[in-house]
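**Student:** Quick one: structure below, then a few questions.
The values are calculated or read from the model by the stated rules, or taken from the named source; none is laboratory data. All values reported here derive from a predicted model rather than from experimental measurement. So basically every Cβ, Gly included, is an ideal-geometry build from the backbone, and we count neighbours across all protein chains shown. Note: areas computed on protein heavy atoms with side chains; ligands, DNA, RNA excluded. Shrake-Rupley method; radii C 1.70, N 1.55, O 1.52, S 1.80 Å.
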Amino acid sequence: MKPAPFDYYQAKTIDEAVELLSEYSEDSKIISGGQSLIPMLNFRLARPKVLIDISTIENRNQIENDAMGIRVAGTTLQRFLEQSKVVQEELPILYEATKHIGHVQIRNKGTVGGTIVHADPASELPAISLVLDAEFEIKSKENQYTVEAEDFFITYMTTALQSDEILSSIYFKKPPRNSGWGFHEIARREGDFALAGSAAVIGLDASGKCNHARIALFGVAPTPVRAKVAEEMLIGKNYSADLLKEAAEAVKQVVDPESDVHATEEYRRNASSVLTLRSLEDAFRRAKSV
């Protein structure tokens, strides 16, 4: 199939893009990498009257590092993020997750902001934004504000972003000192969307007790989800195999998977627990070695 007819505008700056969004609002769609939108247009699952192309804006790839976190422009290519030495050294969990997005050809075109706004519950970066307490900078013609990642994802492929707004940047916060991370997912083939996935960040105090815990799951609910009950089980505790098994089992309370042609609800629920256990084991091990 071919897309329904649309008008096309090429914005040279983010300000020009939000001007166009203000004018056309719900009739428009932003396109940059187009790795998700183009197939939706071709199948006519999306029928915008106006496409606003931001793929050629100046300085689209921007990564800024400070003491508290790393700010990434929404237009930054996933491959640029993956190859950033700053990201690899300062936020290795973000680097690891980015490597699992599709294939290199996909990451050469897809953008960081695009995959977050698309909000597929099986994609990696929305979940990583939860474990890294990310803040999203939202911009419109009349306003600019910040929203926490936890408040951004509403339901399946639906976010808090309004039709006249754009995700201008993502601020991924650095975990505390003496912290480690773990990331695991299961997919039918390399590059496929995850059937289930888990990401964890664990911080330890001087005595080895957990003082910081973040656990997020993806592919097992209408949105990426934080497993706060499991996190609370870990706070103030030293590592033990039994403790991690209990916390991993507790994530089943927050997942809400569905069956489809690829996997059953039961498989995804059990996989979420198994993958969380692996992520927690890796996170504790890395935190101890810091």
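**Student:** Take the conditions under 28 Å from H212 (Cβ atoms) and among the polar types (S, T, N, Q) and apply them to T115. Does it pass?
**Tutor:** Here the answer is yes, as T115 does meet what is asked.
**Student:** Six or more apart or on different chains, Cβ atoms under 7 Å: show the pairs whose first residue is in region 267-286 and within 16 Å of Q253 (Cβ to Cβ) and whose second is surrounded by fewer than 19 Cβ atoms within 10 Å (Cβ to Cβ) and acidic (D, E).
**Tutor:** S273/E249
**Student:** When residues of region 132-167 are filtered for being under 20 Å from I54 (Cβ atoms) and acidic (D, E), how many remain?
**Tutor:** Adding up the residues that qualify gives 4.
**Student:** Can I ask one more? Do we have any residue at all in region 14-26 that's under 27 Å from T146 (Cβ atoms), of a type in the set (A, V, I, L, M) and touching a helix residue (DSSP H, G or I) at 6+ places or on another chain (Cβ under 9 Å)?
**Tutor:** No, there is no match, as no residue in region 14-26 is under 27 Å from T146 (Cβ atoms), of a type in the set (A, V, I, L, M) and touching a helix residue (DSSP H, G or I) at 6+ places or on another chain (Cβ under 9 Å).
**Student:** Would you mind finding the one in S259, S273 that is open to solvent by 10 Å² or more (accessible area, probe 1.4 Å), part of a loop (DSSP other than H, G, I, E, B), polar (S, T, N, Q) and in contact with a helix residue (DSSP H, G or I) (Cβ under 6 Å, 6 or more places away or on another chain)?
**Tutor:** S259
**Student:** Still on this structure: Quick check on region 239-255. Is at least one of its residues outside any helix (DSSP H, G or I), loosely packed, with under 14 Cβ neighbours inside 10 Å, touching a Lys or Arg at 6+ places or on another chain (Cβ under 8 Å) and not hydroxyl-bearing (S, T, Y)?
**Tutor:** no
**Student:** Still on this structure, I have one more. Can you report the number of residues in region 83-92 which are surrounded by fewer than 19 Cβ atoms within 10 Å (Cβ to Cβ) and in contact (Cβ under 8 Å) with a residue 12 or more places away in the chain?
**Tutor:** 3
**Student:** For D53, only one of the following conditions fails: (1) in contact with a Phe, Trp or Tyr (Cβ under 9 Å, 6 or more places away or on another chain); (2) touching a residue at least 12 places away in the same chain (Cβ under 8 Å); (3) open to solvent by 50 Å² or more (accessible area, probe 1.4 Å). What is its number?
**Tutor:** Looking at each condition in turn, D53 falls short on (3).
**Student:** Check whether at least one residue in region 125-134 is open to solvent by less than 40 Å² (accessible area, probe 1.4 Å) and of a type in the set (D, E), and report yes or no.
**Tutor:** No, region 125-134 contains no residue that is open to solvent by less than 40 Å² (accessible area, probe 1.4 Å) and of a type in the set (D, E).
**Student:** Might you let me know whether region 226-240 holds any residue that is touching a residue at least 24 places away in the same chain (Cβ under 8 Å), of a type outside the set (A, V, I, L, M), touching a Cys at 6+ places or on another chain (Cβ under 6 Å) and over 25 Å from V72 (Cα atoms)? Let's see the steps before the verdict.
**Tutor:** Quick first cut of region 226-240, residues touching a residue at least 24 places away in the same chain (Cβ under 8 Å) only: 226-230, 234-239.
Subset that is of a type outside the set (A, V, I, L, M): 226, 228, 236-239.
From what is left, the residues that are touching a Cys at 6+ places or on another chain (Cβ under 6 Å) are 237.
Then keep just the ones that are over 25 Å from V72 (Cα atoms); that gives 237.
Looking for residues that are touching a residue at least 24 places away in the same chain (Cβ under 8 Å), of a type outside the set (A, V, I, L, M), touching a Cys at 6+ places or on another chain (Cβ under 6 Å) and over 25 Å from V72 (Cα atoms), one finds at least one in region 226-240, hence yes.
Table: residues versus (1) open to solvent by 70 Å² or more (accessible area, probe 1.4 Å); (2) touching a Cys at 6+ places or on another chain (Cβ under 8 Å); (3) without any contact (Cβ under 8 Å) to a residue 24 or more places away in the chain; (4) closer than 20 Å to F136 by Cβ.
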| residue | (1), (2), (3), (4) |
| --- | --- |
| Y8 | yes, no, no, no |
| A17 | no, no, no, yes |
| I31 | no, no, no, yes |
| N42 | no, no, no, no |
| L45 | yes, no, yes, no |
| G74 | no, no, no, yes |
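**Student:** A follow-up question, please. Just a yes or no: is a residue in region 154-165 surrounded by 21 or more Cβ atoms within 10 Å (Cβ to Cβ), farther than 19 Å from G114 by Cα, at pLDDT 95 or above and over 14 Å from the mean Cα position of the chain (by Cα)?
**Tutor:** no
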